[in-house]
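Bear in mind these aren't lab numbers, they're just calculated from the coordinates by the rules spelled out. Everything quoted here is computed from the prediction, not taken from an experiment. Reconstructed Cβ throughout: ideal geometry from the backbone, glycine too, with neighbour counts over all protein chains shown.
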Amino acid sequence: MTEDSVASKVLEIIDKQKRIPADQVTIDSTFQELGLDSLDAVNILFELEGEFNISISDDQARQIKNVRQMVDGVTSLVTEKKTA
């Protein structure tokens, strides 16, 4: 799974959860810019966990403040899972 495919899926899930048009969400968007609160972020992370069959720790989740961090974190966990 490439970082681009993870990014596409993250953007798709954000669009689905918050009904934000995809053209308004970029890899560099912050959660604040997108109007995402902590509950929105948790819901998105839960959906990503199910989509990629990964587990995101509470510590990791608290550190995620933008789309790029989310993509990087998910990509890292998917890679770790494949090599485990």
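Things to note:
- For Asn66, residues with placed amide H under 5 Å, excluding near neighbours: Phe31
- Summary of the geometry: region 7-22 and region 23-38, compared by the centres of their Cα atoms, lie 10 Å apart.
- Ordering 4-16, 28-40 by mean Cβ neighbour count within 10 Å, with the highest value first, yields 4-16, 28-40.
- Relative contact order (percent, whole number), the chain, Cα cutoff 8 Å, 6+ residue spacing: 39
- Net charge of Cβ neighbours under 11 Å - reference Arg68; Lys, Arg +1; Asp, Glu -1: -2
- Dipole magnitude (debye, nearest 20) for the chain, charges at Cβ of Lys, Arg, Asp, Glu: 80
- The alpha carbon convex hull volume per residue for region 27-84 rounds to 72 Å³.
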